[in-house]
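The values are calculated or read from the model by the stated rules, or taken from the named source; none is laboratory data. Here the structure is a predicted model, which means the values were calculated and not measured. Positions of Cβ are backbone-derived with ideal geometry, glycine not excepted, and every protein chain shown enters the neighbour counts. What goes into the accessible areas is simple: the full protein's heavy atoms, side chains included, and nothing from ligands, DNA or RNA. Shrake-Rupley method; radii C 1.70, N 1.55, O 1.52, S 1.80 Å.
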Amino acid sequence: MQVFLNQLVYFGFLQSFFLLFVYLVSPKNRENVNGYIVFFIIILTVGLSSRVAYLSGIVENNYRWVVFSEFATLMFGPTVYLFTKSSLYGERFKTQNLYHYLPAVVYNAFVVMFFIWPSDEELQARTDSGEQLRNVMLFVGVGLVYNVTYWYRSVRLFRKFKTKLESEISYVVQSRFFNNFLIAVGGCLLCWFTMYLLSLAGIQLLNKLAWQTVWMSLALIILFIAFYVLRSPELFKVTELSKVKKYSNSRLSHSDLEQLELRLKELMVEKKPYLNAKLLKAELAEMLEVSSPEVARLLNERIGMNFFEYVNYYRVKEFVELAKSEKYKNLTMFGLAQEAGFNSKTTFNKSFKNLMGKSPSEYFKNQTS
């Protein structure tokens with residue numbers, strides 16, 4: 001078991017370098033990638049570095065090298081928060097965001113003062129007197145509280161985003177990623193909290209196991225990010241600039257787009273053009289008295305979906321309303337889907353699951369139970 005855990009840490013550490021190589025070497029990736037995710041990977045790499053050095057025997061149990069990973073401790077939580085905020089709400093880096101890292105600067109100065117600067121003799125004397133253990137517990141406690149606070153703020157941001165998602169529409173895959181991402185980070189903090197409690201209780205055997213779990217959880221977060229990099233690389237890219245470039249020739253101002261968005265929502269609610277299973281973007285543009293590229297810009301910039309995703313969103317909403325109506329209670333689910341504007345069972349099932357998070361049968365089973 002110990003060998004497996006060590007190999008997992010090694011693999012996560014190497015994977016972090018691979019991700020940094022992918023992001024930083026390619027000029028295209030370097031330009032588009034969200035800088036916070038790169039910084040987050042660097043922080044995880046620093047956190048794992050001392051463990052890898054210890055396992056490999058390079059540092060020969062040098063205490064100061066083990067402390068090196070502490071430099072990343074108070075940068076963990078703020079980076080999770082800023083990455084969540086910038087990704088979900090499209091906020092770019094601002095100089096004032098650096099204030100989130102000021103406590104980390106102070107914390108690291110104290111780490112140097114208490115654990116790196118003193119001589120070996122002074123460190124040994126502190127260890128023998130028990131003072132060093134008290135210092136360690138204080139620093140670990142501060143780091144834990146700080147990171148849990150920022151994780152909680154990230155969760156609140158995500159919940160706010162999910163509420164908006166239900167009424168405004170956005171990318172479901174983004175929602176799923178951050179749900180899993182914050183669970184993974186929460187799991188890491190839980191391991192950290194467990195280790196802290198065991199240390200306070202003086203349970204040394206379990207304490208060692210808890211420490212290993214913390215390292216393992218850091219490695220798993222890196223592997224989790226790597227999985228999504230391969231599956232949905234757009235999650236880690238900054239897309240707003242490319243959208244502005246793409247529609248730079250559009251005659252619509254941001255104010256015009258706001259008004260057009262209101263008109264589009266009013267059109268979808270009152271005239272229900274989505275009930276036409278063969279509805280085209282050009283037809284929707286004609287109803288709004290604008291061009292097709294301007295409809296595309298509206299959907300991409302203001303709403304965050306393409307034409308088919310947007311139309312199918314309203315079809316799913318219509319399907320749910322029809323399913324609750326006595327008038328259509330004798331129709332099959334696909335019959336209801338056709339009434340809502342779908343002409344393909346596969347498209348209907350896929351759209352419904354993407355938007356509602358479950359299949360139609362699962363959704364209505366939960367509604368009736």
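Points to keep in mind about this one:
- Checked against the criterion of being open to solvent by less than 50 Å² (accessible area, probe 1.4 Å), more than 25 Å from L88 (Cβ to Cβ) and not hydrophobic (A, V, I, L, M, F, W, C), the candidates E326, E294, E286, E321 yield just one match: E294.
- Take the conditions (1) more than 20 Å from V9 (Cβ to Cβ); (2) modelled with pLDDT of 80 or more; (3) surrounded by 13 or more Cβ atoms within 10 Å (Cβ to Cβ); V238 misses just one of them, which is (2).
- Of everything in the range 251-280 that is under 14 Å from L298 (Cα atoms), among the charged types (D, E, K, R) and open to solvent by 100 Å² or more (accessible area, probe 1.4 Å), the residue that is modelled with the highest pLDDT is R263.
- Pairs where the first residue, in the range 181-196, is closer than 16 Å to V142 by Cα and of a type in the set (V, I, T) and the second is open to solvent by less than 30 Å² (accessible area, probe 1.4 Å) and part of a helix (DSSP H, G or I), C-beta under 6 Å, 6+ apart: T194/A210
- Against the list (1) over 20 Å from the mean Cα position of the chain (by Cα); (2) modelled with pLDDT of 75 or more; (3) more than 23 Å from S217 (Cβ to Cβ), the condition S86 fails is (1).
- Subset of the range 56-70 that is surrounded by fewer than 18 Cβ atoms within 10 Å (Cβ to Cβ) and in a helix (DSSP H, G or I) - its residue that is modelled with the lowest pLDDT: Y63
- Test: L336 is surrounded by 15 or more Cβ atoms within 10 Å (Cβ to Cβ), assigned to a helix (DSSP H, G or I) and more than 32 Å from the chain's Cα centre (by Cα): yes
- Selection count where residues are farther than 10 Å from G77 by Cβ, open to solvent by 70 Å² or more (accessible area, probe 1.4 Å) and in contact with a Phe, Trp or Tyr (Cβ under 9 Å, 6 or more places away or on another chain), scope the range 144-159: 0
- Per-region count, the range 297-317, residues open to solvent by 30 Å² or more (accessible area, probe 1.4 Å) and assigned to a helix (DSSP H, G or I): 6
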